[in-house]
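Take a look at the structure below.
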Amino acid sequence: MDERELITGVLAGDRLAGRELYDAHAPTVYRLVFRMVGDPELAQEFTQDTFIKVFGRLDTFRGDSALRTWIHSVAVSCVLNGMRRVRRWRQREHGLEAVADLPDPRRVQEPDPDLRDRLKQAIDELPLKLRTPLLLHDLEGYSHPEIAEMTGVPEGTCKTRLAGARAKLRVALAAYARE
Amino acid sequence: MNEETEVNQPDEERLIEMLEDVADDYRLPPGDPPLDAMWATIEARAFPRAGGAKVLPLRTPWRRWLPLAATLAIGVGLGRWTVGSPSVTPPSVESGQEAAATAVRPVSYSTGDHPFAGVATDYLEQSTAFILTLTTEIRAGRPLRQSVPQARDLLATTRLLLDAPGARDQGLNNLLEDLELLLAQIVQLPSEAAPEANLIREALAQREVLPRLQLLLADAHPSY
């Protein structure tokens with residue numbers, strides 16, 4: 001079945017069509033969600049929520065964007081809304097102040113092999129509202145209009161947040177470089 | 001921000017290069033996504049049973065034939081189906097007494113004129129035995145991962161029965177749907193499942209699955 005047939009099947013209550021649609025998109029949705037939350041259990045929960053909503057709202061999909069983009073926008077929405085409810089996530093939300101106590105950068109003469117790990121850690125430490133556009137744009141390759149659609153914020157705000165995220169990363173890496 | 005920090009910051013182009021470098025391995029899931037386990041929950045919540053098409057959470061092409069196979073299997077006597085594991089024990093007297101002491105929500109189910117009743121009886125017996133065994137395992141604090149394969153088999157059969165044309169009695173359907181949710185929870189158990197075991201114990205108590213099963217069996221099978 002092609003995508004249109006799958007959609008029609010799901011709208012008719014066809015579980016087989018639902019499963020095929022799920023099989024086609026669940027791996028990338030799970031991957032995206034996991035990258036956003038970094039927790040297998042939460043990733044599983046939000047992926048489930050995503051597809052329950054996708055199947056429940058599929059009649060609202062107008063084909064203005066690719067189905068994959070639409071499903072991912074539902075996933076991002078599930079994560080952003082869900083994370084507000086997840087108290088433990090707050091424990092993961094550190095400001096970049098934690099990066100302050102770092103050694104003197106002048107001792108570093110060559111590119112540090114751990115710089116990639118430091119960059120990943122700095123991304124982890126970004127606030128969710130900054131990390132999301134960075135993840136979607138710089139790591140997942142989405143365009144600003146797509147991110148605006150996914151996150152429900154104006155395109156200009158997405159660009160501003162991306163710039164803010166990058167600025168914080170540069171500061172974090174500069175501080176690290178002082179080691 | 002002082003001058004020294006600014007000097008050591010990577011410029012925008014360099015940062016983007018670094019981000020591209022980590023894009024492929026930043027926060028990747030540790031393994032394959034648990035597609036079947038997630039589907040069990042999604043399917044139960046997104047696809048109402050009544051009038052829905054018949055699909056099992058299997059990823060093999062032959063799943064397309066399972067609804068037909070289910071009908072045939074039921075036709076030739078699914079009652080001979082067994083869980084097939086020596087670890088499943090029959091209901092004990094003690095467990096039966098405990099269940100009788102539990103508040104029972106009666107299932108309105110008449111066996112006399114229901115062609116599906118006899119077919120389902122053995123399956124219900126196996127489900128009862130499995131849940132009694134599970135209750136014992138939880139009470140003893142033993143890990144439940146050995147129960148997962150049996151739960152998976154029972155889950156598949158439960159769905160076959162739910163999708164079967166004969167399963168239209170509302171009380172039986174409700175019970176089967178509760179069983180389906182319970183079994184789906186067990187199938188999703190991680191290897192170390194102590195907290196989840198508590199959740200399953202609570203689910204068993206709240207849904208009164210065991211007393212309802214036993215009441216249904218007593219109704220369908222007077223010698224039980």
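Quick look at the numbers
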| item | result |
| --- | --- |
| Inter-chain Cβ neighbour average for residues A:49-58, partner chain, 10 Å | 3 |
| In range of the label at A:Leu128: residues from the stretch A:27-52 whose backbone nitrogen is under 19 Å from the point 7 Å along Cα→Cβ | A:29-52 |
| Gain in span if fully extended, A:Thr157 to A:Thr28, counting 0.36 nm per residue against the direct Cα distance | 43.9 nm |
| Pair A:Asp117, A:Asp2: separation of 7 Å Cα→Cβ label points (nm) | 5.0 nm |
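None of the figures in this text is laboratory data; all of them are computed from the coordinates on show. Just so it is clear, the model here is predicted, and its values are computed rather than measured. Quick reminder, even Gly has a Cβ in these numbers, built from the backbone with ideal geometry, and neighbours come from all protein chains shown.
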